[in-house]
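Data first, discussion second: the structure below is written as structure tokens.
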Amino acid sequence: MKQFLVVLRGAPASGKTTIAKRLRNFDKKIIWLKVDNFKDFFGEDTEQQLLYAYKTALPVLEYLFENGFSVVIDGIFRDVHLDILKQAIDEAKKREISNNVFQLDCPLQTLLDRDKIRVEETHGLRKPFEKTTLIKIYENLKNNPIPNAEIMDTHSNSLEECVAIIEKLIPED
């Protein structure tokens with residue numbers, strides 16, 4: 001299988017993690033790079049902390065590419081982080097690795113409902129997003145689309161359908 005990069009961009013509870021987990025496969029050298037994991041290194045209270053977290057993911061992406069892995073990367077990638085996302089895509093292009101960007105789309109009310117369910121599933125280990133925060137993120141993503149990104153409706157499409165859409169684009173040998 002040829003290497004590839006799949007970017008999943010979306011609001012919290014839009015399905016990024018669920019889809020990425022389904023796609024990862026160590027035996028096929030498909031790795032899930034969860035950008036949010038880097039936030040714990042710096043905290044997430046300020047824009048500067050978030051920027052450092054996102055920038056930290058770039059060398060990891062390069063390392064994974066150098067070692068023959070395909071990468072599914074997910075994150076919110078708000079407007080201020082689009083340059084980081086562009087750098088990730090450019091890294092794939094430089095190495096002649098195919099890449100596809102998906103903008104996950106879901107109605108706001110569905111995101112709010114899913115966020116509450118996610119908290120219940122983690123047994124209260126994290127608080128749900130404040131409604132105003134989730135609305136702000138949702139609007140930011142809607143108002144700052146990534147050029148040429150494929151819109152993926154994660155409300156109408158099942159998980160299996162979303163995964164199948166992406167798998168059809170994965171290059172064969």
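Every read-out reported here was derived from the displayed coordinates using simple, explicitly stated rules and does not represent laboratory data. Computed from a predicted model, the values in this text were never measured in an experiment. We place every Cβ from the backbone using ideal geometry, glycine too, and count neighbours over all the protein chains shown.
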Out of region 1-60, which residues are polar (S, T, N, Q) and either under 13 Å from the mean Cα position of the chain (by Cα) or over 16 Å from Asn100 (Cα atoms) (or both)?
Ser14, Thr17, Thr18, Asn25, Asn37, Thr46, Gln48, Gln49, Thr56
Considering only region 155-173, how many residues are more than 16 Å from Ala13 (Cα to Cα) and in contact with a strand residue (DSSP E or B) (Cβ under 7 Å, 6 or more places away or on another chain)?
5
In region 40-77, residues that are in contact with a strand residue (DSSP E or B) (Cβ under 8 Å, 6 or more places away or on another chain) and among the aliphatic types (A, V, I, L, M) total 8
When you scan region 50-69, do you find a residue that is without any contact (Cβ under 8 Å) to a residue 24 or more places away in the chain, under 20 Å from Asn144 (Cβ atoms) and not hydrophobic (A, V, I, L, M, F, W, C), even just one?
no
Matching residues in region 155-173 - criterion: being farther than 14 Å from Leu23 by Cβ, touching a helix residue (DSSP H, G or I) at 6+ places or on another chain (Cβ under 9 Å) and either of a type in the set (A, V, I, L, M, F, W, C) or in contact (Cβ under 8 Å) with a residue 24 or more places away in the chain (or both):
His155
Across region 34-63, what is the number of residues that are exposed (fewer than 15 other Cβ atoms within 10 Å of the Cβ), hydrophobic (A, V, I, L, M, F, W, C) and out of contact with any helix residue (DSSP H, G or I) (no Cβ under 7 Å at 6 or more places or on another chain)?
0
